[in-house]
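The values are calculated or read from the model by the stated rules, or taken from the named source; none is laboratory data. Just so it is clear, the model here is predicted, and its values are computed rather than measured. Every residue, glycine as well, gets a Cβ built from its backbone with ideal geometry; the counts of neighbours run over all protein chains shown. Note: accessible area is taken over every heavy atom of the protein model, side chains too, but ligands, DNA and RNA are not part of it. Shrake-Rupley method; radii C 1.70, N 1.55, O 1.52, S 1.80 Å.
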Amino acid sequence: TVRVIEGRPTITAVRAHSAAERAGLQPGYIVTHIAGRELKVTTDSARPMRPVEERFAVRRLALRRLLGIAGTRVGVKFLDNADKPGQVVLVRDEPTAPPVHVGHLPPLYPEVHARQQGDVGIIAFNIFLLDPVLGQIQRAIDGFRVRGAHYLILDLRGNPGGHGAMAIPVASRLVDAPLTLGTIQFRDFTQTLVARPEMGVTPFLGPVAILTDEGTASASEILAAGLQEAKRAVVVGDSTLGAALPSL
């Protein structure tokens, strides 16, 4: 993960057992070039980008250049934690999840990571998809409750959204009364997104925290803002992108 920290593209996380880890890249390193090109964003837009948009654009540019066909190579130049220049050549790994195809979008690789530390359940997922992501999240929340977890953390950092309607069944696992997540204003009508307790399902009612950053967008913002405004969750992290449709 590359994020803009204090104005510089900085590695903030390295996937375990990945090509980046094998090459010795570490959190804190400043990335200067990927694939032979300087890591900076230029735009022809007449409207200046907001700071959060600039940070998001750098993050997506880094990801776009790093992605590619498994087995191909990509060079990365960096400054290490002592500001010493270095460079590595990464051999791109195989995807860590099977692809999911939605409409005309390129292949999507959904991942859900759930773990429990003491009495805290933690769920991180990278996209909102009804299948297969929703079921995995629901089973994880139910498992935490059964195993006596008292707290829940939803890690939505870097989650750009997806199926906005999926925010409803996720929130429904966390409420014992109807809760409004937002209103979509169409040309001729409005649609309010309401999460309701599910019949026959015991919800998780412990405190909830949601982690965000500039990569948190769309359906992630619907879920985070709705639960925050209803005082059902505390949001912790950087400002989100501001790219959600139900913005009323």
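For the reader, a short list of remarks on this structure follows.
- Applying the criteria of a DSSP loop state and at most 10 other Cβ atoms within 10 Å to the trypsin sites (Lys or Arg not before Pro) of the range 160-248 yields Arg187, Lys231.
- Qualifying GluC sites (Glu not before Pro) in the range 178-244, where qualification requires a DSSP coil assignment and no more than 15 other C-beta atoms within 10 Å, comprise Glu198.
- Taking all protein chains into account, the per residue accessible area for the chain stands at 56 Å² (1.4 Å probe).
- The distance linking the range 1-52 with the range 137-161 is 28 Å (Cα centroid to Cα centroid, whole angstrom).
- Plainly put, the range 39-113 has a radius of gyration that is 1.04 times its Kirkwood radius, both from alpha-carbon atoms, as the Rg/Rh ratio.
- Carbon and sulfur %, accessible surface of the chain computed with the full protein complex present, 1.4 Å: 54
- Two-decimal log10 I(q)/I(0) for the chain, as the Debye equation yields it once each C-alpha is a single scatterer, q = 0.07, 0.09, 0.14, 0.18 Å⁻¹: -0.27, -0.45, -1.03, -1.43
- The fraction of Cα-Cα pairs per 5 angstrom bin, counted from 0 for the range 143-248, comes to 3, 13, 23, 24, 20, 11, 5, 1, 0, 0 percent, rounded to whole percents.
- Cα-based Rg of the range 77-153 normalised by 2.2 N^0.38 Å, two decimals: 1.58
- Rg to Rh, two decimals, where the range 78-216 supplies the alpha carbon set and Rh follows Kirkwood: 1.06
- The calculated FRET efficiency for Val88 paired with Lys231, based on their beta-carbon distance and R0 = 35 Å, is about 0.15.
- Between 0 and 90 degrees, the angle of helix 219-229 with respect to the longest Cα principal axis of the chain falls at about 50 degrees.
- Neighbour cut-off at most 10 other Cβ (10 Å), DSSP loop, GluC sites (Glu not before Pro), the range 1-91: Glu6
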